[in-house]
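Only one structure is covered here, and it is reproduced in the block below.
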Amino acid sequence: MRERVLEVADYLFYTDGINQTSVDAIAFQADVSTRAFARAFASKEDLIVAYVNQRHESDVDLFSTIAATELSHQLVLNMVLSEVIIDVTSPGFHGCAFINAAIECREYLAVQAAVKNHREWYTGAATEVLRQAGHHYPADAADDVLLARDGAMNSGYGGDPTAATAALRRAIDRVLAEIPDTSSSFSI
């Protein structure tokens, strides 16, 4: 039942917005009583944290699967960011779920902490890939990657996805060009 509620919440929170989605709407769509909902989640904030954490775990799983391949570190970074491009250019894309949650839930400290945890993990994972690839300033480059990703997701949702993803490709090409002895460029 908890999984069903979380699945419905994930869809409604992302498509309609967290603040626009009531607990009653989620319970109705999940076909559970309000009482059963309350047994699974102590509050809407608890549900939102579970939503953010579920999306985080999905990203961790995807990154881990890609990183476990025998590909070069540059190709691992390319594949991870190719997933961003696929998201940005997909029908129904509504921006970054983590940024959306941070903006919509400023008053919920636990939600802010979950979003911060995700962003720190993302930057740390990118730093490690860039370090292993031989980048001289992997943490700085990881910050550039996250900023480019955020920009592409926001611009892709609020503007032109094609221009946003082209800008992301250029930014990643610049980061990859800073890796010694590589001729890699970003490709999808």
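The values are calculated or read from the model by the stated rules, or taken from the named source; none is laboratory data. Worth saying up front: this structure is predicted, and the values here are computed from it rather than measured. Here Cβ is always computed from backbone atoms with ideal geometry, including for glycine, and neighbour counts include all displayed protein chains. Side chains are part of the model used for accessible areas, which takes the heavy atoms of the whole protein and leaves out ligands, DNA and RNA. Shrake-Rupley method; radii C 1.70, N 1.55, O 1.52, S 1.80 Å.
In degrees from 0 to 90, rounded to the nearest 10, what is the angle of the helix 73-88 Cα long axis to the longest principal axis of the chain?
40 degrees
Counting Lys and Arg as +1 and Asp and Glu as -1, each charge on the Cβ, what is the dipole of region 84-134 about the Cα centre in debye, to the nearest 20? Don't skip to the answer; put the middle values down first.
On the way: 4 positive and 5 negative charges, 24 e Å.
Dipole size: approximately 120 debye.
Leaving out ligands and nucleic acids, and using a 1.4 Å probe, what accessible area per residue does region 38-177 come to in Å²?
Solvent-accessible surface per residue comes out at 48 Å².
Suppose every K and R has +1 on its Cβ and every D and E has -1 on its Cβ; what is the size of the dipole of the chain about the Cα centre, in Debye to the nearest 20?
Its charge dipole is roughly 240 debye.
Calculated from DSSP H runs of 4 or more alone, at -39500 (n - 2.57) each and per residue, what is the 222 nm mean residue ellipticity of the chain, nearest 500?
The helix-only estimate for the chain comes to -25000 deg cm²/dmol at 222 nm.
Give the residue from Ala68, Ile179, Ala42 lying farthest towards the positive end of the charge dipole for the chain; charges sit on Cβ (+1 for Lys and Arg, -1 for Asp and Glu) and the dipole is referred to the Cα centre.
Projecting each Cα onto the dipole axis, the largest value belongs to Ala42.
With a ≥ b ≥ c taken as the square roots of the eigenvalues of the C-alpha gyration tensor of region 52-115, please select rounded if a/c is under 1.5 and otherwise prolate if a/b is larger than b/c or oblate if it is not?
oblate
Can you give me the orientation-averaged projected area of the convex hull built on the Cα atoms of region 1-158, in nm²?
Approximately 9.7 nm², given one-decimal rounding.
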